[in-house]
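This report concerns only the one structure given below.
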Amino acid sequence: MVGLWKAWMDASRVAFDVQCVVALRMMRLAEGGPGAASEAQRMVVERSARWRRRNAAGAALMAGSSLETAGRLAAVRSNASCGRTCAG
């Protein structure tokens with residue numbers, strides 16, 4: 001039961017972090033100026049990197065790798081993104 005509770009709390013934390021990042025990025029874009037332009041460019045670069053990681057995870061699954069290996073390949077790094085967004 002404790003494992004289930006921890007998994008639920010971890011999922012909630014990730015969801016909260018993602019929503020914070022989205023809100024902060026939208027505020028930065030709405031602000032305009034050079035910070036908005038660099039944020040928009042960074043968002044495109046990060047999106048393509050996530051896309052490549054998820055494709056690699058799918059290819060690993062199709063090649064017979066475990067779900068754990070595919071999960072590591074496709075891991076979302078929201079904490080790093082939140083730290084960078086919140087700091088600026």
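Here, each number is a calculation from the coordinates, and none is a lab measurement. Predicted model only: the values in this text are computed from it and were never measured. All Cβ positions, glycine included, derive from the backbone under ideal geometry; neighbour counts span all protein chains shown.
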What's the magnitude of the charge dipole for the chain around its Cα centre, counting Lys and Arg as +1 and Asp and Glu as -1 at the beta-carbon? Answer in Debye, nearest 20. 180
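Based on other C-beta atoms within 10 Å, arrange ASP10, ASP17 from fewest to most. Don't skip to the answer; put the middle values down first.
Numbers: ASP10 10, ASP17 18.
Taking fewest neighbouring Cβ atoms as first place, the list is ASP10, ASP17.
Using helices alone, what [θ] at 222 nm do you get for the chain, with -39,500 (n - 2.57) per DSSP H run of 4 or more residues, divided over all residues and rounded to the nearest 500? Walk me through the numbers before you get to the answer.
Working: 4 runs with 77 residues, N = 88.
The per-residue figure over the chain is -30000 deg cm²/dmol.
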Pick out which of ARG50, ARG13, ARG25 has the largest mean-square fluctuation in a Gaussian network model of the chain, springs linking Cα atoms closer than 10 Å. ARG13
Select one label from (1) 13, 22, 16, 15, 22, 12, 0; (2) 16, 49, 31, 5; (3) 15, 34, 32, 16, 3: the one whose number is P(r) over Cα pairs in 10 Å bins from 0, in percent as derived from the coordinates shown. (3)
Between CYS20 and ASN55, what length in nm is gained on full extension when 0.36 nm per residue of separation is reduced by their alpha carbon distance? 10.0 nm
